[in-house]
Amino acid sequence: MVTHKKTFRDGSAVGQIGRLVMIGMVGLCLSFGPALSQALAGPPTDSMKGTIDEVLRIIRDKELKQAAKADERRSLLEKAVAERFDYQEMSRRALGAPWNQLSDKEKQEFVSLFQTLLTSSYAEKVESYSGEGVQYLNERTEKDYAEVRTKILSGKTEIPLDYRLINHGTDWRVYDVVVDGVSLVNNYRGQFTKILRASSYPDLVDQLRKKSDKLKSP
């Protein structure tokens, strides 16, 4: 009997989502309209603005544009985004039910691998950011959750891009990005689920390790 092993793929659809995520992060309007509701952590759009300002500062830094500063620039960009993205929450949602069966050590490893995968999807794109416009649409909150809706303006194309955030008491963190109706987390969850059904969790982690090692290699 022949068995078909599902493999993880970081295909063009996912790569396009990663590109749009970072275009949205960088291009969101620096002047937001009034927030629709208040929370202890402050309006979600204000939290997003802080990250966007930092990313823009790094991109515009002439010294960091030097070839010798490439690694430092990449590191600073990844750090700025990591401070806004809740990678553990994104990992939990992307993996689904199996997350609850993992040990703390296994969870830490999965988050680390998934973070590497996500950052690789957009780091190169943000470094080549060419100034696509983004229009702020609105914001809505419900208890500890919020959604900041935007629209990317690229040539004659308008693409809806929404950020879903969770309130951690002192700050809002992104746990999902929806591009033109497609959820980044759900996209990966679909791939992970296929692998788990065809093989096992250790196989999924092994594929993620190999992918991570490949991305980290010079």
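Just so it is clear, none of the values below were taken in a lab; they were calculated from the coordinates. As the structure is a computational prediction, the values presented were derived from the model and not from experiment. Cβ coordinates were reconstructed from backbone atoms using ideal geometry, including for glycine residues, and neighbour counts include every protein chain displayed.
When Lys and Arg each count +1 and Asp and Glu each count -1, what net charge do the other residues less than 10 Å away from Y175, Cβ to Cβ, add up to?
Details: positive: R92, R93, R164, R173; negative: D86, E89, D176.
Charge balance near Y175 sits at +1.
Assign unit charges at the C-beta atoms only (+1 for Lys and Arg, -1 for Asp and Glu), then state the dipole size of the stretch 62-114 relative to its Cα centre in Debye, rounded to the nearest 20. Please list the in-between numbers first.
Numbers: 11 positive and 10 negative charges, 54 e Å.
For the stretch 62-114, the charge dipole is close to 260 debye.
Sorted by average packing, counted as other Cβ atoms within 10 angstrom per residue and highest first, what order do 187-194, 88-95, 65-72 take?
Order by mean packing, descending: 88-95, 187-194, 65-72.
Within the set of other residues whose C-beta is less than 10 Å from the C-beta of E158, count the net charge using Lys and Arg as +1 and Asp and Glu as -1. The partial results should precede the final answer.
Numbers: positive: K151, K156; negative: D180.
Result for the local shell: +1.
Around P202, under 11 Å between beta carbons, what's the net of Lys plus Arg minus Asp minus Glu among the other residues?
Numbers: positive: R209; negative: E106, D203, D206.
Once all neighbours under 11 Å are counted, the net charge is -2.
Multiply the residue separation of N100 and V182 by 0.36 nm, subtract the distance between their alpha-carbon atoms, and state the gained length in nm to one decimal.
Numbers: separation 82, 0.36 × 82 = 29.52 nm, distance 2.51 nm.
Length gained, N100 through V182: 27.0 nm.
Kindly state, to the nearest 0.05, the FRET efficiency for Q66 paired with K210, given R0 = 22 Å and r defined as their beta-carbon distance. Please list the in-between numbers first.
Values: r = 33 Å, r/R0 = 1.48.
The pair Q66/K210 has a calculated efficiency of 0.10.
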